[in-house]
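Trainee: Pasting in a structure now, in structure tokens, and then I'll have a few things to ask.
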Amino acid sequence: MGEVLSQNEIDSLLAALSTGELDVDEMQDKGDRQVKNYDFKRPAKFSKEHLRTLEIIYEHYGRLLATNLPVYLRKNITVTVASSETVTFSEFTNALSNPVILGIINFQPLGGNIILDLAANLGFAMVDRMLGGKGLPLEKNRDFTEIEMTIIEKLMVISMQLMREPWKNVMEISPVLDRIETNPQFAQIIAPNEMIAIVTLNMKIGDVEGFMNVCLPYFTLESVMDRLNTRYWFSTMTEESDENYEMYIEALIKRVDVPIKVIMGRSAVSVNDFVNLQPGDIIRLDTQVDSELDVYVGNIRKFCAVPGTDKDKYAARVTKIIREEE
């Protein structure tokens, strides 16, 4: 219990405060610890470790989006993780605008759904690019047409399938797009008071910028919550890389197409002779009929070969492999 002041001490203290000799802020005990209210109706089911692991997963996912979507949109795309937080599902749905693009994804084999929320301005920009436009959003939002929803559904499926790789270190998933909703009232996948984790991605398509939110309910991730920590995540990644990394890289390299060309010879002609070339004209090359030809893989001289035919096609038979030191 604090010390009790006499009346004279109280009068002296009030007089000092009125004259400015004492400052109220200086008198406050700065050693008091800040008390944070805890709502037992909304327990924090996602720890900071869980949110950090989800950020790592979706940083990888953002890089995949930035690499794959430009193939379809023919526009530079940048995707970065803006934030991650835990809220109730009702708080998430109440903050959504209308119309909005909500992809309801069955997160197989986990028992539940997740939501991929795409800002409307990004959706209109994507549709504009897919239909040959400059990728500009509408000045005033409106409902999406059936044709626009069909295009958005295709892009949503592509975006959804890209989640497979980032989640590999936690578990193998096979996401399936259940449906797309444009009204938040029809996207009630869990109870309003259930806790969810939201990972917000900042997406920029050309000059159009907006947010993509990934809504991950605790109910869906409950069975793998013990794996959502960086220690497990990195240990799994290391084990897989030690055993299968070389075979995986080798399999990828084997599927890469590389251009191969055989140089028959070289010749220098004047521009006048070049523009007047006709079928049947002969160009004298700097190689002999029986000399070996250079074979280039890409722009690297890799083999020597002699010309010939294989059935009814021209061919070249490799006679020598040129090593790097040569």
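Trainee: So for region 48-252, averaging the separation of alpha carbon pairs under 8 Å that are six or more residues apart and normalising by length, what relative contact order in percent results?
Mentor: Details: 341 pairs, mean separation 66.1, N = 205.
So the answer I get is 32 percent.
Trainee: Identify all lysines with a Cα-Cα distance to K154 below 22 Å; exclude those on the same chain that are fewer than 8 residues away in sequence.
Mentor: Those lysines meeting the cut-off are K75, K134, K204.
Trainee: Name the shape class, rounded, prolate or oblate, that the alpha-carbon gyration tensor gives for region 48-252, where a ≥ b ≥ c are the square roots of its eigenvalues, rounded holds for a/c under 1.5, and otherwise prolate holds if a/b is larger than b/c and oblate otherwise.
Mentor: On the way: a/c = 1.98, a/b = 1.28, b/c = 1.55.
Oblate, since a/c reaches 1.5 and b/c is not below a/b.
Trainee: Considering only the other residues whose Cβ falls under 10 Å of the Cβ of N229, what net charge follows from Lys and Arg at +1 and Asp and Glu at -1?
Mentor: Details: positive: R52, R227, R231; negative: E49, D226.
Net local charge, N229 excluded: +1.
Trainee: Please identify every one of the trypsin sites (Lys or Arg not before Pro) in region 87-190 that sits in a loop by DSSP and has no more than 11 other beta carbons within 10 Å of its own beta carbon.
Mentor: Working: sites: R129, K134, K140, R142, K154, R164, K168, R179; in loops: K134, K140, R142, R164, K168.
When the trypsin sites (Lys or Arg not before Pro) of region 87-190 are filtered for loop state and at most 11 Cβ neighbours within 10 Å, K134, K140, R142 remain.
Trainee: What do you get for GluC sites (Glu not before Pro) in region 107-188 restricted to DSSP loop and a cutoff of at most 14 other Cβ within 10 Å of the site's Cβ? Let's see the in-between values first.
Mentor: Values: sites: E139, E146, E148, E153, E172, E181; in loops: E139, E172.
Answer in residue order: E139, E172.
Trainee: Would you mind counting up the charge near L51? Only other residues with Cβ under 14 Å from its Cβ, with Lys and Arg at +1 and Asp and Glu at -1. Walk me through the numbers on the way to the answer.
Mentor: Details: positive: K45, K48, R52; negative: E49, E55, E59, E85.
Here the count lands on -1.
Trainee: In what sequence do K261, K254, K75 fall when counting other Cβ within 10 Å, fewest first?
Mentor: On the way: K261 11, K254 7, K75 18.
If I rank by nearby Cβ atoms, fewest first, I get K254, K261, K75.
Trainee: Taking K and R as +1 and D and E as -1, what net charge do the other residues with C-beta under 13 Å from the C-beta of V199 add up to? Could you put the intermediate results ahead of the total?
Mentor: Working: positive: R52; negative: E55, E59, E85, D117.
Once positives and negatives cancel, what remains is -3.
Every number in this text was worked out from the coordinates using simple rules, so none of it is lab data. Worth saying up front: this structure is predicted, and the values here are computed from it rather than measured. For neighbour counting, all protein chains shown are included, and Cβ atoms are generated from backbone atoms with ideal geometry for every residue, glycine included.
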